[in-house]
Amino acid sequence: MIELHLHLDGSLSESELNEIKRKFYASEDVPYTPVRFDGRGGLGEYLKCFRYPLLLLRKPESVYFAICALSERLHAQGEEYCEIRFAPALSAGIEGVAEIADAAERAACDLNGKGVYTGIVFCCMRGAPEKENLAVAKTAADKIRNGKGVVGVDLAGDEGRYPNEDYSGIFAFLRESETPFTVHAGEARGAESVGSAILFGARRIGHGVAAASDERVIAMMRERGVLAEMCYTSNLQTGAWKGGREGYPLRKFISEGVKVSLNSDNTTVSGTDLKREYSLLGINGEEARILYSRAFEAAFPNAAAAAFFVNRGKGHL
Ligand SMILES: [Zn+2]
């Protein structure tokens, strides 16, 4: 299995969080708040579940430990390659980005050396100052050139309040530096948000469920080979998808020739994992083969996990 859309802060287990607290924050008061969404209150309540993990990701050593623990757990569960994303500036502010980014890169590099193939995606945040997002994007671009584990950039956060157009400067930098990026879109806004993210240069779209309602956006995705990173349980919980299992657009996208992968988004907050997502949607063998193949093709160019892709013959599935 390949997972392309997974947030570090939303996927650390209670026991991993306890271990981080004990190892790195023993002398500090870190107030606990629930990390698992109880299904009530939509996106606002969902996002509150990230508070506690974020407080435990303020130090480079805790970020390193968290990436290793999560990657090794996913590897043990049968995930062959995973892209883990998080926002370095949320961990330590703009002045801490470089140190946090170094720790993340070191973690991916050490993991990849052990045959646990993880790529790191840095999230810029909707609502954050442009200076901060630019620092994250520039750090990612430098690290991608290093080829040691950082593979791409994401734009995450409150899509409803902050439209793509507010981030045109960041997108321009990413395009000009040929930094691969994905954008959370079509989750809290309509199909037009997916369309504009594609026009800004996104190679993948986080969620993208709203695109299903607009054939023109579907055609854009198909023609440009843009992959939708779909996350079923998360979409139900946040209200991004209200139609139930039968109408969930994953199969529509596949039948219309749009690239799709299935992902868990936040294993802890959403109380799920990749196998459960496949099972909830009743993915059959042929569909699983298609999802794997598309995820494989759309994984960000990845020198760090080169051994995995060379072994698997990237592009020849
Ligand atoms: Zn996400």
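Of the residues making up region 239-257, those that are among the acidic types (D, E) and either within 16 Å of the ligand (Cβ to nearest atom) or surrounded by 14 or more Cβ atoms within 10 Å (Cβ to Cβ) (or both) number 1. Restricted to region 194-207, and to residues there that are buried (at least 17 other Cβ atoms within 10 Å of the Cβ) and more than 18 Å from the chain's Cα centre (by Cα), the residue that is farthest from E130 (Cα to Cα) is G195. The single condition among (1) under 23 Å from A140 (Cβ atoms); (2) within 16 Å of the ligand (Cβ to nearest atom); (3) out of contact with any Cys (no Cβ under 6 Å at 6 or more places or on another chain) that E178 does not satisfy is (2).
Just to be sure, is L54 within 16 Å of the ligand (Cβ to nearest atom), of a type outside the set (S, T, Y) and touching a residue at least 12 places away in the same chain (Cβ under 8 Å)? It would help to see each step written out before you state the result.
Values: within 16 Å of the ligand (Cβ to nearest atom): yes; of a type outside the set (S, T, Y): yes; touching a residue at least 12 places away in the same chain (Cβ under 8 Å): yes.
Here the answer is yes, as L54 does meet what is asked.
Look through region 208-238, keep the residues that are in a loop (DSSP other than H, G, I, E, B) and within 12 Å of the ligand (Cβ to nearest atom), and return whichever of them is farthest from the chain's Cα centre (by Cα). The extreme case among them is G208. Just one of the listed residues (E178, E277, E187) is closer than 20 Å to N164 by Cβ, among the acidic types (D, E) and within 18 Å of the chain's Cα centre (by Cα), and it is E187.
The test for being within 16 Å of the ligand (Cβ to nearest atom) and either of a type outside the set (D, E, K, R) or at pLDDT 95 or above (or both) holds for D154.
With respect to K114, determine if the residue is more than 16 Å from the ligand (Cβ to nearest atom) and at pLDDT 95 or above. When the stated conditions are applied, K114 does not pass them. Taken together, the criteria exclude E178 from residues that are surrounded by fewer than 21 Cβ atoms within 10 Å (Cβ to Cβ) and either assigned to a helix (DSSP H, G or I) or of a type in the set (G, A, S) (or both). With respect to the conditions (1) over 30 Å from L70 (Cα atoms); (2) surrounded by fewer than 24 Cβ atoms within 10 Å (Cβ to Cβ); (3) of a type in the set (G, A, S), G225 lacks only one, and its number is (1).
Please state which one of V269, V260 is at negative phi, in contact (Cβ under 8 Å) with a residue 60 or more places away in the chain and either under 20 Å from the mean Cα position of the chain (by Cα) or within 16 Å of the ligand (Cβ to nearest atom) (or both). Steps first, answer last, please.
On the way: V260 fails: in contact (Cβ under 8 Å) with a residue 60 or more places away in the chain.
None of the other options fit; the residue is V269.
Within region 143-166, restricting attention to residues that are in a helix (DSSP H, G or I) and under 18 Å from the mean Cα position of the chain (by Cα), which residue is surrounded by the most Cβ atoms within 10 Å (Cβ to Cβ)? My answer is I144.
Of the helices (runs of 4 or more DSSP H) contained entirely in region 1-101, those carrying at least 3 residues that are at pLDDT 95 or above and over 26 Å from K131 (Cβ atoms) fall at 14-24, 60-76.
Let me confirm something: among G93, G39, which residue is closer than 16 Å to N266 by Cα, surrounded by fewer than 18 Cβ atoms within 10 Å (Cβ to Cβ) and among the small types (G, A, S)?
Working: G93 fails: closer than 16 Å to N266 by Cα.
Exactly one residue qualifies, and that residue is G39.
For region 122-142, filtering for residues that are under 14 Å from A197 (Cβ atoms) and surrounded by fewer than 22 Cβ atoms within 10 Å (Cβ to Cβ) leaves 1. Tell me yes or no: at least one residue of region 103-121 is surrounded by 20 or more Cβ atoms within 10 Å (Cβ to Cβ) and charged (D, E, K, R). Within region 103-121, one or more residues are surrounded by 20 or more Cβ atoms within 10 Å (Cβ to Cβ) and charged (D, E, K, R). Pairs are defined by a Cβ separation below 7 Å, a sequence spacing of at least 6 or placement on different chains, a first member in region 197-219 that is in contact (Cβ under 8 Å) with a residue 12 or more places away in the chain and more than 25 Å from V151 (Cα to Cα), and a second member that is away from the ligand (no atom under 16 Å from the Cβ) and acidic (D, E); the pairs so defined are I218/E256.
The values are calculated or read from the model by the stated rules, or taken from the named source; none is laboratory data. Remember, it's a predicted structure, so these values are computed and weren't measured experimentally. Here Cβ is always computed from backbone atoms with ideal geometry, including for glycine, and neighbour counts include all displayed protein chains.
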